Amino acid sequence: RNEPLVLGFETSCDETGVGLVRGQTLLADALATSMAEHERFGGVVPEIASRAHLEAMVPTVHRALAEAGVQASDVDAVAVTAGPGLTGALLVGLAAAKAYALALDKPLYGVNHLAAHVAVDELQHGRLAEPSMALLVSGGHSSLLLVPDLAREVRSMGRTIDDAAGEAFDKVARVLGMPFPGGPPIDRAAREGDPTAIDFPRGLTGPRDAPYDFSFSGLKTAVARWVEARQRAGEPVPVADVAASFQEAVADVLTAKAVRACRDAGIDHLVLGGGVAANSRLRALAEERCAAAGIVLRVPSPRLCTDNGAMVAALGSRLVEAGIPPSAPDVGADSSLP
Ligand code: KG4
Ligand code: ZN
């Protein structure tokens, strides 16, 4: 009861998320999404996302307060994603968070979206071991993070040099005639397929390649070429086998590099996050390889893996608890916040 109540705002992409967290307890996780409006464009359109955030923002705050059974005046601190993300989208969340912080006369914390993806796991599995390694894979980012201290220090070990993992899922799904976003339909189709049917390339896994960076653009192109060759030859495309083989290539590289990073840094805790962490093969392979390497694996439920406001509130709560000074009241959006 005495722990601070933190209100969190997330608007870095297409999800309008408002969360309420007390200590490490999740009280509310209200979400609105403009995904349906982007579907026909095959990707998130920034201008549409910004306008949708603006319309959804206040109703989503009200839903979160009702869900938690609290009043706005009960809030002790406000946290908001300051970046990375789409600038226009971030600005809507920042404006809302500043307005609430100012009106309630409470401290404001502008936070890093990637660190929030890590923090959300604490709502489900309790305090994170420090140091931990984190593998964050979504439509916007693919990163390996070293987390010595979630409130004070999160270091980037590696990242994608081209497409994010989720982007590769979305593009391959398009080639296979599946809807956007492509992760879930590929995951489903792959269940009926043979993951060893086609040997798709594993990007950046050569001996001279950066050990913790990722590349998915070559894989995406390889799948597209393979499918086109089949179509040109007038042969049917074995959709399930293509989906399973592609998914295997992604899961293989991600888990191999995450486990290697843990081993090299002497870290025995790995946490997954981001929308792609909902992938069934990635989860299974991560479990298998972590178990073999003696690494404790933590994976939040799919709902908490994708963008939401609770993750921002969770990180805000950590910052309050650690006594970190609040952000300046004019904290701005940083689309490429490191
Ligand atoms: O974290 P998220 O909701 O939003 C971003 O910050 O991008 O991630 C969305 C991404 C999409 O690319 C979507 O295709 C992917 O996560 N995704 C999946 C699965 N569910 C969602 N990818 C693979 N397998 C899934 N089951
Ligand atoms: Zn995200």
Task: Subset tally (residues that are touching a helix residue (DSSP H, G or I) at 6+ places or on another chain (Cβ under 7 Å), away from ligand 2 (no atom under 16 Å from the Cβ) and assigned to a helix (DSSP H, G or I)) for the stretch 107-126 - done: 2
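A256: surrounded by fewer than 21 Cβ atoms within 10 Å (Cβ to Cβ) and either in a helix (DSSP H, G or I) or out of contact with any strand residue (DSSP E or B) (no Cβ under 7 Å at 6 or more places or on another chain) (or both), yes or no? Give the steps one after another, and end with the answer.
Values: surrounded by fewer than 21 Cβ atoms within 10 Å (Cβ to Cβ): yes; either in a helix (DSSP H, G or I) or out of contact with any strand residue (DSSP E or B) (no Cβ under 7 Å at 6 or more places or on another chain) (or both): yes.
Spelling it out, A256 is indeed surrounded by fewer than 21 Cβ atoms within 10 Å (Cβ to Cβ) and either in a helix (DSSP H, G or I) or out of contact with any strand residue (DSSP E or B) (no Cβ under 7 Å at 6 or more places or on another chain) (or both).
Taking into account only those residues within the stretch 162-209 that are among the basic types (K, R) and part of a helix (DSSP H, G or I), which is surrounded by the fewest Cβ atoms within 10 Å (Cβ to Cβ)?
Going through the stretch 162-209, the residues among the basic types (K, R) turn out to be 171, 174, 188, 191, 202, 208.
Going one step further and asking which of them are part of a helix (DSSP H, G or I), we end up with 171, 174, 188.
On the way: K171: 22, R174: 16, R188: 13.
Among residues in the stretch 162-209 that are among the basic types (K, R) and part of a helix (DSSP H, G or I), the one surrounded by the fewest Cβ atoms within 10 Å (Cβ to Cβ) is R188.
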Open item on the list: Conditions first: (1) under 21 Å from G166 (Cβ atoms); (2) more than 12 Å from ligand 1 (Cβ to nearest atom). A243 passes all but one, so which condition is the exception?
Closed with: (2)
Task: Residue count, the stretch 267-285 (criterion: touching a residue at least 40 places away in the same chain (Cβ under 8 Å) and within 16 Å of ligand 1 (Cβ to nearest atom)) - done: 12
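FYI, it's all coordinate maths here, none of it is from the lab. Note that the coordinates shown come from a computational prediction; the quantities given were computed from them, not determined experimentally. Here Cβ is always computed from backbone atoms with ideal geometry, including for glycine, and neighbour counts include all displayed protein chains.
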